[in-house]
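Take a look at the structure below.
The values are calculated or read from the model by the stated rules, or taken from the named source; none is laboratory data. Not measured: the values here are computed from a predicted model. No Cβ is skipped: glycine too gets one built from the backbone with ideal geometry, and neighbour counts run over all protein chains shown. Areas reflect the complete protein model, heavy atoms only, side chains present, ligands, DNA and RNA absent. Shrake-Rupley method; radii C 1.70, N 1.55, O 1.52, S 1.80 Å.
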Amino acid sequence: MKKIPRLSLPADARPDTLAVREGLPAGPWGENSEALFLTSSFVHPDAATAAARFANEEEAFVYSRFGNPTVMMFERRLAALEGTQACIATASGMGAIALIGWSLLKAGDHVICSQSVFGSTIVLFAREFAKFGIETTFVSQTEVAEWQRAVRPNTKLLFAETPSNPLTEVCDIAALATVAHNAGALLAVDNCFCSPALQRPVDFGADLVMHSGTKFLDGQGRVVAGAVCGSEQLIEEKFVPVMRSTGSTLSAFNAWVVLKGLETLSIRVRAQSASALQLAQWLEQQPQVERVFHPGLESHPQHALAMRQQSGCGGAVVSFIVKGHQAGGPELARRNAFHVIDSTKVCSITANLGDTKTTITHPASTSHGRLTEAQRQAAGITQGMVRLAVGLEDLRDLQADLIRGLGSLAA
Ligand SMILES: Cc1ncc(COP(=O)(O)O)c(C=O)c1O
């Protein structure tokens, strides 16, 4: 079959090279920067070729709902970075998880999911997929035995996110892959928090890796995007036909933005992760702070696992609990958390993460606000918790920003 050509990069090209080079061959004009193909459809030389392309007898671009050169450049580049054969881009990170469900599950199937995943992911599995007869059991992020106990004969998918948001709990990808494969199921990992710059879940046995491209892949808070990476067989046979029918396509413009974001991914994420660790160590020293969560801290319960799994880095997200939780109850804790957030002048008060601008948020009332109190408690998200996603500002300015609120807290 005639295929869309590939670039002739050396087979052993390393990730930093692939991040700026992988994609499609340049067009007839020899452009050095990847082109943005803003076109809904593609013209065929004659009717017979059009028929061959519609019948999938020749691989070519036909219609941008299911194929666009700029989107394909992003897909090829992300697959190369994740170490997978293929990738399919989606309109958002939630669109990527929905595509996983639509493509792999049917009524009567069972899913096992960490109870510490992103709030909307919990809602998607617990409420939306349940409408179609798919049942989900939520289990501990860190206790592999709980995942094992939850396995049923109809279990088809295990879904994990590591590190988790906002507690940065780390799950053991290799151990979960074993549980999944022994059960004849697939393991999908949300790799949003680390990105392939720090962690490649397929190296530990995961079958699928999903992304909110909105986060570190773009890295500059500009667009909403998503993707699922996996084997060519899974992507081509299971995902592509569903995408064609459901149309949760990534726009060419957003694909172009994220494609260019990938070029600086590694240097951004490593710098942000190093800064986050320093900030976490500093926060641990502050008397107004009850507890700090960052996988790079030796006090983190899965520190050793995180260092093995995440290229020795903790990632750019740091959460902490301001004092007042035990003494004054959840109301005082919430007031204190709001005070710290509202006292900042540099940080952006927004629930997004992975931006070069540091963001600060109160997970219990924002990213996890749609959960019931019981679901929040199970996920360990208390009212005194503040989450930072560290950007590229000078660390001293971030410390000054936080001490403004911490230093003037009500007892
Ligand atoms: C870990 C994680 N997964 C998935 C998503 C969903 O991504 P999107 O907002 O691009 O739909 C988010 C978004 O905040 C997230 O933090």
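With a requirement of 1 or more residues that are among the aliphatic types (A, V, I, L, M) and touching an Asp or Glu at 6+ places or on another chain (Cβ under 8 Å), the helices (runs of 4 or more DSSP H) lying completely within segment 279-393 that satisfy it span 303-309. Consider segment 177-200 and keep the residues that are in contact with a Phe, Trp or Tyr (Cβ under 7 Å, 6 or more places away or on another chain) and either away from the ligand (no atom under 16 Å from the Cβ) or at pLDDT below 95 (or both). The one that is farthest from Ala271 (Cα to Cα) is Val179. All conditions in (1) at pLDDT 95 or above; (2) part of a helix (DSSP H, G or I) hold for Val123, with the sole exception of (1).
In segment 122-135, the residue that is most open to solvent (accessible area, probe 1.4 Å) out of those that are in contact (Cβ under 8 Å) with a residue 12 or more places away in the chain and more than 16 Å from the ligand (Cβ to nearest atom) is Phe132. Note on segment 144-165: residues that are within 22 Å of Met307 (Cβ to Cβ) and of a type in the set (Ser, Thr, Tyr) total 2. Taken as a whole, the condition of being open to solvent by 10 Å² or more (accessible area, probe 1.4 Å) and within 20 Å of Thr168 (Cα to Cα) does not apply to Gln272. Within 16 Å of the ligand (Cβ to nearest atom), of a type outside the set (Phe, Trp, Tyr) and either in contact with a strand residue (DSSP E or B) (Cβ under 9 Å, 6 or more places away or on another chain) or modelled with pLDDT of 95 or more (or both): does that describe Pro153? Against the criterion (within 16 Å of the ligand (Cβ to nearest atom), of a type outside the set (Phe, Trp, Tyr) and either in contact with a strand residue (DSSP E or B) (Cβ under 9 Å, 6 or more places away or on another chain) or modelled with pLDDT of 95 or more (or both)), Pro153 does not qualify.
For segment 356-379, the criterion of a residue being open to solvent by 40 Å² or more (accessible area, probe 1.4 Å), free of Cβ contacts under 8 Å to residues at least 12 places away in the same chain and over 24 Å from Phe118 (Cβ atoms) is satisfied by no position. Taking Ala252 as the residue in question, decide whether it is open to solvent by less than 30 Å² (accessible area, probe 1.4 Å) and more than 16 Å from Val390 (Cβ to Cβ). Yes. Only one entry of Asp401, Asp397 meets the criterion of being more than 16 Å from the ligand (Cβ to nearest atom), in a helix (DSSP H, G or I), open to solvent by 40 Å² or more (accessible area, probe 1.4 Å) and out of contact with any helix residue (DSSP H, G or I) (no Cβ under 7 Å at 6 or more places or on another chain), and that entry is Asp397. Of the residues that make up segment 26-46, is at least one of a type in the set (A, V, I, L, M), at pLDDT below 95 and within 25 Å of Met1 (Cβ to Cβ)? Within segment 26-46 (the criterion being of a type in the set (A, V, I, L, M), at pLDDT below 95 and within 25 Å of Met1 (Cβ to Cβ)), the answer is no, since none of the residues qualifies.
What do you reckon, is Gly205 within 12 Å of the chain's Cα centre (by Cα) and either away from the ligand (no atom under 16 Å from the Cβ) or modelled with pLDDT of 95 or more (or both)?
no
When segment 97-118 is filtered for residues that are open to solvent by less than 10 Å² (accessible area, probe 1.4 Å) and either under 21 Å from Pro153 (Cα atoms) or touching a Pro at 6+ places or on another chain (Cβ under 7 Å) (or both), the ones remaining, listed by number, are Ile100, Gly101, Asp109, His110, Val111, Ile112, Cys113, Ser114.
Okay, residues lined up against (1) farther than 25 Å from Val170 by Cβ; (2) open to solvent by less than 40 Å² (accessible area, probe 1.4 Å):
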{"site": "Asn32", "(1), (2)": "yes, no"}
{"site": "Thr39", "(1), (2)": "yes, no"}
{"site": "Ala52", "(1), (2)": "yes, yes"}
{"site": "Ala55", "(1), (2)": "yes, no"}
{"site": "Glu75", "(1), (2)": "yes, yes"}
{"site": "Glu82", "(1), (2)": "no, yes"}
{"site": "Ser120", "(1), (2)": "no, yes"}
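Taking the conditions (1) in a loop (DSSP other than H, G, I, E, B); (2) within 30 Å of Cys347 (Cα to Cα); (3) of a type outside the set (Phe, Trp, Tyr) in turn, Leu259 satisfies each one other than (1).
The set of residues in segment 69-118 being part of a loop (DSSP other than H, G, I, E, B), within 16 Å of the ligand (Cβ to nearest atom) and either of a type in the set (A, V, I, L, M, F, W, C) or under 14 Å from Gly213 (Cα atoms) (or both) consists of Ala91, Ser92, Val117, Phe118.
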